[in-house]
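The values are calculated or read from the model by the stated rules, or taken from the named source; none is laboratory data. Note that the structure is a prediction, hence the values are computed from the model and not measured. Glycine gets a Cβ as well: all are built from the backbone with ideal geometry, and neighbour counts include every protein chain shown. Ligands, DNA and RNA are excluded from the accessible area calculation, which covers all protein heavy atoms including side chains. Shrake-Rupley method; radii C 1.70, N 1.55, O 1.52, S 1.80 Å.
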Amino acid sequence: QVQLVESGGGLVQAGDSLRLSCAASGRTANIHPMGWFRQAPGKEREFVAAISWNGGVTSYADSVKGRFTISRDNAKNTMDLQMNSLKPEDTAVYYCALRWIAAAGVSESAHEYTYWGQGTQVTVSS
């Protein structure tokens, strides 16, 4: 089993930065690809960023490219999302997710992720 817990969300103004963190349980969590998704009220879940098992490959949604940076620390079983130049349209609940397939490549499809955190709220005011 894997448990994911997000933290770091909050209320900020447009242009501010936030750093989200996801802590994963399990000794083998560090061999699995992981990703970040978000969901705003009235909208479907949206891909944000993903990272390979060793951090060597990353992928970003066009809407966040150049502003967000995904990273992971396998020794600590953590994954971070550095969010800069935040915009009101970034307002959403952010979820971290893990693909169970060990050493698999990055994926932008939510249905390919097996475990999900409870989410952390990010609100960006204008």
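In the full protein context, the chain carries 50 Å² of accessible surface per residue, based on a 1.4 Å probe and ignoring ligands, DNA and RNA. Each peptide in 53-62, 96-105 gets a packing score, the mean of other Cβ atoms within 10 Å over its residues, and the list from highest to lowest is 96-105, 53-62.
A cut-off of 5 Å between modelled amide H atoms, ignoring neighbours fewer than 5 places along the same chain, links S63 with no other residue.
Per residue, the average separation of C-alpha pairs within less than 8 Å and at least 6 apart gives the chain a relative contact order of 37 percent.
Suppose every K and R has +1 on its Cβ and every D and E has -1 on its Cβ; what is the size of the dipole of the chain about the Cα centre, in Debye to the nearest 20?
The dipole magnitude comes to about 220 debye.
Placing a pseudo-label 7 Å from each Cα along the Cα-to-Cβ vector at N74 and V57 gives an inter-label distance of 1.4 nm.
Surface composition of the chain: carbon plus sulfur atoms contribute 48% of the solvent-accessible area (1.4 Å probe, protein chains only, all chains present).
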